[in-house]
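Visitor: Got a structure here, written out as structure tokens. Questions coming.
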Amino acid sequence: MRTLIPATLIILILGLMLLLSPILAAAPPPTPVAPQPLSALAPMGLGEWRKQDSHTSANLYAVQFLDDQLGFAAGENGALLRTVDGGDAWVQLNTGTQTTIRAIHFFDAQHGWLAGDAGLLWRTNDGGATWLVENLLFPGDFYTLSFITPDDGWVAGDSGALYHYDGSDWRPVQLSTQLDIFALAFINAQTGWAAGEDGIILRTTDGGQHWSTQTLGGTDAFYSLAFADDAYGWAAGAAGVILYTQDGGVHWRPQASNTTQTLNGISMADRFTGWAAGNEGLAIYTGDGGATWLQDNPGTGFTLRSASAPVARQAWLVGDAGVIVRWQDPRPTPTPTATPTHTPLPTATATPTSTPLPTAIPSRITLFVFFDHDHNANYTAGDTAISDMVITLTDAQDIIRGVASTDARGLVTFSNLPSGAYTLWATMPVGYYPTTSYPVASNLGSGEQQNLQLGLVSDYDYNYMPLIRK
């Protein structure tokens, strides 16, 4: 039996449906979408990229910052730019040429050199107001400059061309190759490297009089060299190849760049922190001396040609179409502090004068092991002690004199030692690397009590991986 619905009720229901139909038909508001981070490193640290206005569309091939404020960039059509405020404002300097500039080296705001195509080699002593032309009668292109002092410099380019400046004249230097040289790096007046086509690396230890070939058998060109000091250096080039040395270039070893893109420029602020610039807008970052290189995206698809990292917390990359981008870590720089009081620093106790036959105080070595979060090779605020690290002590004959583990304060002590030379070795977990001199050496005197330190970092310390934001 059917139940009949009164007509008045039907009319009421239909009326309500008409009133509610605009609301029911309206599309639901879009679900907010969280902005995507500009960088794959976003979860790992604090930092950000910012694009800077270069006021040019010319391809830029070189950038150099002398500090975090004063910088220069150069490239096609004689473009030369300068900033005195970290790139907030770039101004164009008049070079009076349309020739491509491929290398720059400035000593300060007033004195610098340019090198480029068709043998271009100019210098200025007045901040670019005027330029002095050095005519070497070289028909090829120059790609790289390296200066030790204003009176000691080098330029190199096509077909193995190399010239040395002695403060008054440029003189040709004969190399044992006719391959193009794309990069130079000198760490002092005697020791330097040239790198370039077909994976060649040349080394001199006598101021350029003789050059020896160093190669790992690769054929990928090297486009850039960077040395953090007289021991640690890097070479970067085609197919993402990176080599590094930690013995002043005596030996070179490969590092995994995690890319096959060509790397056009590399710059290291110190032994641990650096950037490399590559094709298709690629940048790669290391915070552990190249043990790991992490890919990044500064937000431009243009090829990046050169990098400059004058300090660990800032870097600039330049490239095609006038692109200039700056990475900056906004965190305050840690203030170095004295060694914490909880680290015992025993002081030898003088023998009392009342004892006619003093007894020698036993020699002792105390080692403090810490995690060097800020990578500065010193124990500073924020660093932490490492416990349960196994330390082995050997003498001058490589005989083991003791094995012990660090305590909760990161300390281990070896007592009752005769005078002599000792070496302390740490059994490090995989991925740990020293920031201080290693192995730790000791030359222990009779009755001496030494306090030594060992700083370590790890692949898994993300405190200094940059965060990239829009």
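Visitor: Quickly run through region 277-307 and pick out the residues that are part of a strand (DSSP E or B) and either under 23 Å from Arg253 (Cα atoms) or touching a Gly at 6+ places or on another chain (Cβ under 6 Å) (or both).
Guide: Result: Ala277, Gly278, Ala283, Ile284, Tyr285, Thr286, Leu294, Gln295, Leu304, Arg305, Ser306, Ala307.
Visitor: Name every residue in region 80-108 that is hydrophobic (A, V, I, L, M, F, W, C), touching a residue at least 40 places away in the same chain (Cβ under 8 Å) and part of a loop (DSSP other than H, G, I, E, B), in order of residue number.
Guide: Of everything in region 80-108, those that are hydrophobic (A, V, I, L, M, F, W, C), touching a residue at least 40 places away in the same chain (Cβ under 8 Å) and part of a loop (DSSP other than H, G, I, E, B) turn out to be Trp90, Phe107.
Visitor: Continuing with this model, one more query. Can you find, within region 264-296, the residue that is surrounded by the fewest Cβ atoms within 10 Å (Cβ to Cβ) among those that are farther than 23 Å from Asp220 by Cβ and not charged (D, E, K, R)?
Guide: Of everything passing the filter in region 264-296, Ala269 is surrounded by the fewest Cβ atoms within 10 Å (Cβ to Cβ).
Visitor: Something else about it: Counting just the residues of region 161-200 that are in a loop (DSSP other than H, G, I, E, B) and under 23 Å from the mean Cα position of the chain (by Cα), which one comes out surrounded by the most Cβ atoms within 10 Å (Cβ to Cβ)?
Guide: Across region 161-200, the extreme among qualifying residues is Ile200.
Visitor: How many residues are buried (at least 16 other Cβ atoms within 10 Å of the Cβ) and either in the same structural domain as Thr292 (by TED's automatic domain parsing) or at pLDDT below 90 (or both) when one looks only at region 426-454?
Guide: 7
Visitor: Looking at region 378-394 only, could you name the residues that are buried (at least 17 other Cβ atoms within 10 Å of the Cβ) and not polar (S, T, N, Q)?
Guide: Result: Tyr379, Asp383, Ala385, Ile386, Met389, Ile391, Leu393.
Visitor: Assuming Leu137 fulfils every condition listed in (1) farther than 21 Å from Thr191 by Cα; (2) buried (at least 17 other Cβ atoms within 10 Å of the Cβ); (3) modelled with pLDDT under 95; (4) not basic (Lys, Arg) apart from one, which condition is it?
Guide: Exception for Leu137: condition (2).
Visitor: Quickly run through region 222-246 and pick out the residues that are in contact with an Asp or Glu (Cβ under 6 Å, 6 or more places away or on another chain) and either assigned to a strand (DSSP E or B) or touching a residue at least 40 places away in the same chain (Cβ under 8 Å) (or both).
Guide: Ala228, Gly237, Val241
Visitor: Does Gly249 count as touching a helix residue (DSSP H, G or I) at 6+ places or on another chain (Cβ under 9 Å), at pLDDT below 95, assigned to a loop (DSSP other than H, G, I, E, B) and small (Gly, Ala, Ser)?
Guide: Considered against the rule, which asks whether it is touching a helix residue (DSSP H, G or I) at 6+ places or on another chain (Cβ under 9 Å), at pLDDT below 95, assigned to a loop (DSSP other than H, G, I, E, B) and small (Gly, Ala, Ser), Gly249 comes out as no.
The values are calculated or read from the model by the stated rules, or taken from the named source; none is laboratory data. The structure displayed is predicted, hence computed values, not measured ones. Note: ideal-geometry Cβ built from the backbone for every residue, glycine included; neighbour counts use all protein chains shown.
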